[in-house]
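A quick write-up on the structure given underneath.
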Amino acid sequence: MKVFVCEFVTGGGLYRERLPASLLREGELMRNAVLQDLSLIENLDVTVTSDVRVAMPLNVECVSIKPSQDVWAIWQDCMQEADVVLLLAPETDGVLEKLALMAESVGKPILGCSSSAIKVAANKWDTYQLLKAFDIPTPITFKYTNFPRGQSGPWVAKLIDGVACENSRYFDSEDDLIGWMQDKQDSHIVQQYQLGTAASFSMLCHSGKAVVVSCNQQKIDLQDGQFTYAGSVVNGLLEHLDPFQELATQIVTALPGLAGYVGVDLIAHYDGDAWRYAVLEINPRLTTSYVGLHQACGFNPAQLILDMFYNDCLNVPAISFNKVDVSTNISKSFS
């Protein structure tokens, strides 16, 4: 079986732009973790593309991407030659959806979510509307055009299709928020800031069912109104497994096109009586927590993702739930 692994950042998605160090670090971590897991599966031929500025992975067929080439045409050729496609790409600017539509157009199975599910999950406003419609707890969210003055804050402004902490800002002052949003009225949403623990869970989804395979504590820092993401502690919040599983079931019911690995970002807050949860984002793709997942769960998640696309049932083996630290810290950049 031929598998094309399309990791956007390392694979040439920014081949005519500067390579931000943080994005490259996360891209390499996820790509290498997936390739390592796939290498343990018999009878697989794996292909990747690689930006010429990035170290090529070993033991796979690698297509080098140069600035003079059309990376999207090369990705389409790689998809046509493969049996299945695994996409590792951001939702920003519709990139992940575009890649999914490309794979679907050439008739190749995606080891992940459908383009229709990606379209909803990639848009934070559409996600908010979906969560509300299915009574899934989520922070109060507005578009700038319907943001009512005089509401209690604090507030967070986020790119409507951003990933991680990309171009997000925290505001105590409503006036500061309004001023900052003047040239971002169409690109950002405004969300009520939630006190609590930054959390996520990783789930495997198939045919409208989901199993949570890790409960993660996000390493997110807030300084001078800016958020930074430094990784996660996979299974750092294992005590929340049962409510996370309940939320996972609600989410796949609301968005049945979710498939394969999906990450969900949320806030866990103890109000003095009980834990409360607010879902922030649905990530219809591999997240950085995948890097520690094999060690954390005690089985090969890539094997399970591959198996579930050729079976009617979602059969997950016993999960170890080990704690694993995943760090994305890096200081240098590449040009």
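What follows draws every value from the coordinates through simple rules; no lab data is involved. Computed from a prediction, not measured in an experiment: that's the story for all the values here. As a convention, Cβ positions derive from the backbone with ideal geometry for all residues, glycine included, and neighbour counts pool all protein chains shown.
Worth pointing out:
- Placing pseudo-labels 7 Å out from each Cα toward the beta carbon at E239 and F134 gives an inter-label distance of 2.8 nm.
- Net lengthening on full extension, E166/N322 (0.36 nm per residue, minus Cα-Cα): 53.2 nm
- Per residue, the convex hull spanned by the Cα atoms of the range 140-192 measures out at 71 cubic angstrom.
- Of all DSSP-defined beta bridges confined to the chain, some 75% are antiparallel rather than parallel.
- For the range 42-50, the Karplus equation 6.51 cos²θ - 1.76 cosθ + 1.60, evaluated at θ = phi - 60°, returns couplings of 6, 6, 10, 10, 10, 10, 9, 10, 9 Hz by residue, with Gly and Pro reported as x.
- Highest-fluctuation residue, P139, P67, P148 considered, GNM on the chain with Cα pairs under 10 Å: P148
- On full extension, the segment bounded by F309 and A73 gains 82.3 nm, given 0.36 nm per residue less the C-alpha separation.
- In plain terms, the C-alpha convex hull of the range 152-230 casts an average shadow of 6.8 nm² when viewed from every direction.
- For the range 120-192, applying the loop criterion from DSSP together with a ceiling of 14 other beta carbons within 10 Å to the chymotrypsin sites (Phe, Trp or Tyr not before Pro) yields F134.
- The phi-based Karplus calculation (6.51 cos²θ - 1.76 cosθ + 1.60; θ = phi - 60°) puts the 3J(HN,Hα) values of the range 218-232 at 7, 9, 10, 10, 10, 9, 6, x, 10, 9, 10, 10, 10, x, 7 Hz, whole numbers, x for Gly and Pro.
- Amide H to amide H, with H built 1.01 Å from N, D45 comes under 5 Å of K2, V3, counting only residues 5 or more places away or on other chains.
- A55 paired with S207, simple spin-label distance in nm, labels 7 Å along Cα-to-beta-carbon: 4.2 nm
- The chain - charge dipole about Cα centre, Lys and Arg +1 at Cβ, Asp and Glu -1, debye rounded to 20: 280 debye
- Enclosed volume per residue, in Å³, of the convex hull spanned by Cα atoms of the chain: 138 Å³
- Relative exposure of T228, T141, judged by other C-beta atoms within 10 Å (fewest first): T228, T141
- Annotation for Y193 and D176: the two label points, set 7 Å from Cα along the Cα-Cβ direction, are 0.8 nm apart.
- As a rough footprinting exposure proxy, the listed residues Y193, Y261, Y270 were ranked by other beta carbons within 10 Å of their own, and the order from fewest upward is Y270, Y193, Y261.
- As a ratio to 2.2 N^0.38 Å, the alpha-carbon radius of gyration for the range 148-303 is 1.10.
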